[in-house]
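Below is one structure, written out as structure tokens; comments come after it.
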Amino acid sequence: MTDEWVLILDFGSQYTRLIAKAIRAQGVYCEVAPPTLSAREVRERGPRALVLSGGPRSVYEPDAPRLGPDVLKLGIPVLGICYGMQLLAQLLGGRVERSSRKAEYGVAEIEIVEDDPLFLGLGRRGRVWMSHGDVIAELPPGFRALAYSAGEPPLLAAMRDEPGRIYGVQFHPEVHHTPHGPRMLHNWLRRICGLRERWRPGDLVQPKVEELRAQLEGKRALIAVSGGVDSSVAAVLVHRAIGDRLVPVFVDTGLLRKGEPERVRRVFERLGLPLRTVDAKREFFEKLRGVTDPEGKRKAIGETFIRVFEREARRLEREEPLDVLVQGTIYSDVIESGGAGTAHGAETIKSHHNVGGLPAQLGFELVEPLREFFKDEVRELGRALGLPEEIVDEPPFPGPGLAVRILGEVTPEKVALLQEADAILREEIQRAKLHREIWQYFAVLLPVRSVAVRGDGRGYGYVVALRAVHSRDGMTADWYKIPHGVLERISSRITNEVPPITRVVYDITSKPPGTIEWE
Ligand code: XMP
């Protein structure tokens, strides 16, 4: 990989992932590890610098997470953020106490009191994001104050030791509410730690391929491909390493968008990876019969998926033994499920966002080549591997597919109606050249019937809701303002071309409180 990388010890902050993202955005590779690593383990891993993350605890609590003894004696540059800074202060002989001033949460203003490389290119004052109740009441011997937050009394906001090897900041440079955070991280990485290389995710393709080739020597592997970015990139990467010893399997659940199974097959064919398609539509619809509860649907789909995939795996195994299951798990999955090792076991990922859950019972060795990459990096890897844009830039699509966009019971007839309406929406959004601008957009089939005029009489027809949102990461979202002319065309095309649908409504709810999907 690269020698010039940074290790982040995670003391349980909700922002640890953002630190990793912000450092990688500066072109420096980094990884997150549990804070319990010993000095020897850190040395063996060989990072060029260390970040101590924030965390929810107070350093003076008896069971608060600590730094391994002697880690600070390794002689590599250290940056402590929030809890990390307080830990440094306490370990090195300073004093930390509960703030007499109200805890600082949110945007604060700091005043820089010392010319320091960390703040190069910045003014004397600046906005930062604070989130702490404890303060450093006394600097450790040999440390100097670099910045204070404005207010009475002023609170220490940044410090460093005399040689400039150990830094601490009380605020969070990694969140976007600290506008000059990237500049400070750049200064720290490039000027203070002296890192020179410019790392890019695409640089990892070749080493990763070689690593996989060695790891999978003489083995046969299986992967479930969905057409989404993660599984596609994982499949192409492993295919580069072991060629046709990778068997990509595509399960057609019947719950994908119109034309999607054919498109996925076509794309993979072009990439030289013909897919083994399993047509399991019937089985999925059977399991979904009578199920109206959203979580019930997700469960039925998850279980059916595992059963179908396992059956296929056994069938393939009879042809030739299989050793490995490849999965497209990415870094955020690892962190969100607490797998990167946090002090407090970060919140567990919402069950329904974790599709599949394939591995354990299949009894194969599990290989996850994308474990250390963020979504944007996976997209970049995909580009470097020559995957087409239609896969690399694909907006998110939920694992349970259209089943959670049909409120109430899912039937093949309803799926067919929704597929048509959704295809019209997609066509018109693309025609209006809005597809790159809108984060996610789709149609939802509602479980109510509404009165419609049909010829001379009245009847009842289906109602479809259009949903379009703007978002960064799916955690919050704003409804997207599709121009009225485009909405009009979508509505009239849907009611004309899909006669059972007689009413089209537009969802104008943001998240929160509404979620992006309707179920
Ligand atoms: P919500 O509806 O929770 O969605 O605001 C946030 C993002 O997650 C996607 N989503 C899912 N993805 N399985 C998935 O793989 C699911 O069950 C699921 N439910 C929601 C949703 O499309 C949006 O991008």
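Just a few scattered comments:
- Summarising the strand pairing of the range 5-192, around 60 percent of its internal DSSP beta bridges are antiparallel.
- Bridge type composition, the range 416-509 - antiparallel percent by DSSP, nearest 5: 75
- Estimated translational D of the range 201-392 in µm²/s (Stokes, Kirkwood radius over Cα pairs; 20 °C; 1.002 mPa s): 123
- Share antiparallel - DSSP beta bridges, the chain, percent rounded to 5: 50
- Taking amide hydrogens as placed 1.01 Å from N in the peptide plane, the amide H of F250 sits under 5 Å from those of V225, R276, T277, V278, each at least 5 positions away in sequence or on another chain.
- Local charge for A443 was computed over the other residues whose Cβ lies under 15 Å away, with Lys and Arg +1 and Asp and Glu -1, and equals 0.
- Inter-part distance where the range 1-76 and the range 430-501 are each reduced to a Cα centre, Å: 47
- Stretch gain in nm, segment E162-R315, where the contour uses 0.36 nm per residue and the Cα spacing is subtracted: 48.5 nm
- For the range 421-462, applying the loop criterion from DSSP together with a ceiling of 15 other beta carbons within 10 Å to the trypsin sites (Lys or Arg not before Pro) yields K433, R436.
- Over all other residues within a Cβ to Cβ distance under 13 Å of G121, the charged ones net out to +2, with Lys and Arg as +1 and Asp and Glu as -1.
- Distance histogram in 10 Å bins (all Cα pairs of the chain, percent per bin): 3, 16, 24, 21, 18, 12, 5, 1, 0
- Taking the Cα centre of the range 405-506 as origin and assigning +1 to Lys and Arg Cβ atoms and -1 to Asp and Glu Cβ atoms, the resulting dipole is close to 160 debye.
- Placing +1 on the Cβ of every Lys and Arg and -1 on the Cβ of every Asp and Glu, with nothing else charged, gives the chain a dipole about its Cα centre of roughly 780 debye.
- Once the chain from E210 to Q14 is taken as fully extended at 0.36 nm per residue, the excess over their C-alpha distance is 67.1 nm.
- Per residue of the chain, the DSSP helices (runs of n ≥ 4 H) give a summed -39500 (n - 2.57) that works out to -9000 deg cm²/dmol at 222 nm.
- Cα lying deepest toward the dipole's positive end in the range 51-204, options G121, L52, I81, charges on Cβ: G121
- A crude spin-label estimate for the pair D293 and S510, with each label 7 Å from Cα along the Cβ direction, gives 3.3 nm.
- Cβ-Cβ FRET estimate between E488 and R198, R0 fixed at 41 Å, reported to 0.05: 0.25
Bear in mind that the values in this text are calculations on the coordinates, not laboratory data. This structure is a prediction, so every number in the text was calculated from the model and none was measured. Glycine also receives a Cβ, built like all others from the backbone with ideal geometry; neighbour counts cover every protein chain displayed.
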